[in-house]
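Worksheet: the structure to be examined is printed underneath.
The values are calculated or read from the model by the stated rules, or taken from the named source; none is laboratory data. Keep in mind that what you see is a predicted model, and the values were worked out from it rather than measured. Backbone-built Cβ (ideal geometry, glycine too); neighbour counts: all protein chains shown. All accessible areas refer to the heavy atoms of the entire protein, side chains included, with ligands and DNA or RNA removed. Shrake-Rupley method; radii C 1.70, N 1.55, O 1.52, S 1.80 Å.
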Amino acid sequence: RMESQLERACLAVMRNQQAVISRAQACSAGVPPTSIDRAVTSRLLIPVHTGVYRSGAVPPSWHQRVFAACLWAGPRAVASHRSAGALWGLEGVKKGVVEISTTRQVTAPGVIVHRSKDWIGADESNLEGIPVTTVHRTLIDLPAVMKEEALEIALDSALSQRLTSVSFMWRRLNRLGGRGRSGSALLRKMLVERTGLTQHAQNGAETKLVRLLQQRGQDGFVKQFTIRNGRESLARLDLAWPALRLGVELDSWRYHTSTSARRRDARRQNAIERLRWTILRFFWEDVIHDADYVVDEIGHTRMALGGRPLLEWHRSRVAG
């Protein structure tokens, strides 16, 4: 019988896929296309999307719709944003929305599709057989579709369940949450508030960075180095390699993201660059949560500048 053939060929596949199967999977399992069509007519298989069906013997569910959307969109599609948040059980994120991310440009009724151009395997996981974004990627994506209050609840839920950490989230934001990603500044602000920085955070970050640089052989720097233009003091750098005209400044993300602060920093940066200094700027939080990134950036820049020494440099002209 057609029913038993379908059961034998498709049951194992559907059991691990929320009772959902694609036409291509059924054909690969040996079911003739005509048998699939008869199963649809007799309601043994119920279409969800083009070429994707759910079992007529199993009650429909939100999980089915999410998996069916991923299966329909292709092999690089995953549940994301609010669907991923609900699958991970994050507070403040309710089931109901079917939301996926994929590298393809596709559309379907009842499915919110986000096209991702920076997709990497480290952002993918699997829950209950459903391909889904990892917790950290989910939280980075959520600001684009959720209000601040709900996002904060979701973040605290992930942290309290130990699904991620502030340090890991900060590192992933450094790699994924750059300019142009909606809501990355809001999420970074929330992470700063949860870092537990004290009034001594600046000194602590500087001490940690100095220790790491020394451990990796990147010494030869001067601490608290002042750049001058004649008698005018332009900047006091946390660390500097004067012979290379390379400086490092550590700022607090909390206090250096306002419009007025950015304007002041830009003018100051322009004045320093006129003296042909290269200034690397990091946040205290970068050192605390993502020190390898900071040390590597300094090392790469030193190597690049080391190939063109500035012989005309004189300490008496630049520093006080």
Please state which one of 89, 85, 30 is assigned to a loop (DSSP other than H, G, I, E, B) and within 30 Å of residue 164 (Cβ to Cβ).
-> 89
When you look at residue 65, is it out of contact with any His (no Cβ under 9 Å at 6 or more places or on another chain), among the charged types (D, E, K, R), surrounded by 16 or more Cβ atoms within 10 Å (Cβ to Cβ) and under 21 Å from residue 15 (Cα atoms), yes or no?
-> yes
Could you give me the residue pairs with C-beta distances under 7 Å whose first residue belongs to region 130-143 and is more than 12 Å from residue 114 (Cβ to Cβ), whose second residue is open to solvent by 10 Å² or more (accessible area, probe 1.4 Å) and in a strand (DSSP E or B) wherever it lies, and which are 6+ apart or on separate chains?
-> 131/124; 132/125; 132/126; 134/124; 134/125
Could you name every one of the strands (runs of 3 or more DSSP E) located completely within region 102-177 that has at least 2 residues being open to solvent by less than 40 Å² (accessible area, probe 1.4 Å) and among the β-branched types (Val, Ile, Thr)?
-> 130-133
Residues of region 50-61 being within 23 Å of residue 116 (Cα to Cα) and either in contact with a Lys or Arg (Cβ under 7 Å, 6 or more places away or on another chain) or open to solvent by 30 Å² or more (accessible area, probe 1.4 Å) (or both), in sequence order, are 50
So, of the residues in region 212-236 that are in a strand (DSSP E or B) and of a type in the set (A, V, I, L, M), which turns out to be most open to solvent (accessible area, probe 1.4 Å)?
-> 222
Can you confirm whether region 79-92 contains a residue that is surrounded by 12 or more Cβ atoms within 10 Å (Cβ to Cβ) and either β-branched (Val, Ile, Thr) or more than 24 Å from the chain's Cα centre (by Cα) (or both)?
-> no
Do we find that residue 133 is within 26 Å of residue 284 (Cβ to Cβ), β-branched (Val, Ile, Thr) and in contact with a helix residue (DSSP H, G or I) (Cβ under 8 Å, 6 or more places away or on another chain) in this structure?
-> no
Working only within region 24-62, note down all residues that are among the polar types (S, T, N, Q) and either in contact with a Cys (Cβ under 9 Å, 6 or more places away or on another chain) or more than 20 Å from residue 109 (Cα to Cα) (or both).
-> 25, 28, 34, 35, 41, 42, 55
Is there any pair with a first residue in region 5-16 that is at pLDDT below 80 and a second that is open to solvent by less than 90 Å² (accessible area, probe 1.4 Å) whose Cβ atoms are under 6 Å apart and which are 6 or more apart or on different chains, and what are they?
-> 6/39; 9/29; 9/30; 9/31; 10/21; 10/26; 10/29
